[in-house]
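The structure appears below as structure tokens.
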Amino acid sequence: LVPVTSGNLKSSILEIFFHTSLGKIDLLQASQIFGEVVRKGYKELVFNLLSELDNSIKDIELMSFNGSSIVGVKIKDKFYPINQLGEGFYRIFVLTCLFIQKMNGIVLIDEIENGIHHSIQGMIWKWLLEMSQRFNVQVFITTHSWEFIVNAIENTKSFENIQGIRFEESDQKIIPVIIKGDELKEMVEQNYEI
């Protein structure tokens, strides 16, 4: 939580969440976040996204498992803990729930491409843009993947709200250079190193 002071000097709280590339949110924490999502009335939105990724999913619920409440997905007639469906799938589920939980806040995602198959990266990018606009979440994403950047550019219709940052070294200082969306698109199309 970060205190924010607006122009009229009223103080409010801005929620920030940092999703690291190294550690993932454990199933119990993810289940608590999903519980908040369900209480806010967005269970169907999460289900729809997950069923787009895997059409064998028939439902998503909080279920009792070893004395705890965890998220389970129904495939055919049986529920499975959601973290058993693969790292990329689980990461997308967690990020979806975070966007809803942190509406009107900020989500920082380190190395977005980790665990996400290249074939769905474009879809994930479109989803990130839609979710950030729908829930008024400002998203900061880092990536080392040229492939992810290309997929993002190819799946973006409007670059108005997108900016990139490239870091340059000058006189032993690291200087961030902001790249507007249209410039980023042009750099990718011309294979500039970014």
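The values are calculated or read from the model by the stated rules, or taken from the named source; none is laboratory data. These figures come from a predicted structure and were not determined experimentally. Backbone-built Cβ (ideal geometry, glycine too); neighbour counts: all protein chains shown. Note: accessible area is taken over every heavy atom of the protein model, side chains too, but ligands, DNA and RNA are not part of it. Shrake-Rupley method; radii C 1.70, N 1.55, O 1.52, S 1.80 Å.
In table form, for the structure just shown:
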read-out	value
Burial ranking of peptide ranges 74-80, 90-96 (average Cβ count within 10 Å, highest at the top)	90-96, 74-80
Accessible carbon and sulfur surface of region 124-167 relative to its total accessible area, %, 1.4 Å	47
Antiparallel content of DSSP bridges confined to the chain, in %, to 5	75
Vicinal HN-Hα couplings computed from phi for region 61-71 (Karplus, 6.51 cos²θ - 1.76 cosθ + 1.60; Hz; Gly/Pro x)	8, 7, 9, 7, 8, 6, x, 10, 9, 10, 7
Magnitude of the charge dipole, the chain, Cβ model with Lys/Arg +1 and Asp/Glu -1, debye to 20	900
Karplus-derived HN-Hα couplings along region 149-162 (A = 6.51, B = -1.76, C = 1.60, θ = phi - 60°), whole Hz, x at Gly and Pro	4, 4, 4, 5, 4, 5, 10, 10, 8, 10, 9, 4, 9, 10
Dipole of the chain, positive end: most advanced residue of PHE167, GLY122, SER145 [Cβ charges, Cα centre]	GLY122
Cut-off under 5 Å, modelled amide H: who pairs with ILE141 long-range	ILE109
Relative contact order [Cα under 8 Å, 6+ residues apart], the chain, whole percent	17
Per residue, the convex hull volume that the Cα atoms of the chain enclose (Å³)	157
Efficiency of FRET from Cβ geometry, GLU87 and TYR192, R₀ 30 Å, rounded to 0.05	0.45
Vicinal HN-Hα couplings computed from phi for region 27-34 (Karplus, 6.51 cos²θ - 1.76 cosθ + 1.60; Hz; Gly/Pro x)	4, 5, 5, 4, 5, 5, 5, 4
Distant-in-sequence amide H partners of ILE75 (H built 1.01 Å from N, under 5 Å)	LYS58, TYR80
Net +/- balance of residues flanking PHE135 in space, Cβ distance below 11 Å, scoring K and R +1, D and E -1	+2
Amide hydrogen neighbours beyond the local backbone of PHE65, cut-off 5 Å, H modeled	ILE70
Selection from ILE112, TYR90, ASN191 lying farthest towards where the dipole of the chain points positive, charges on Cβ	TYR90
Carbon + sulfur, % of accessible area of region 48-122 - ligands and nucleic acids excluded, 1.4 Å	44
Accessible area expressed per residue, the chain, with surrounding protein chains retained (probe 1.4 Å, Å²)	61
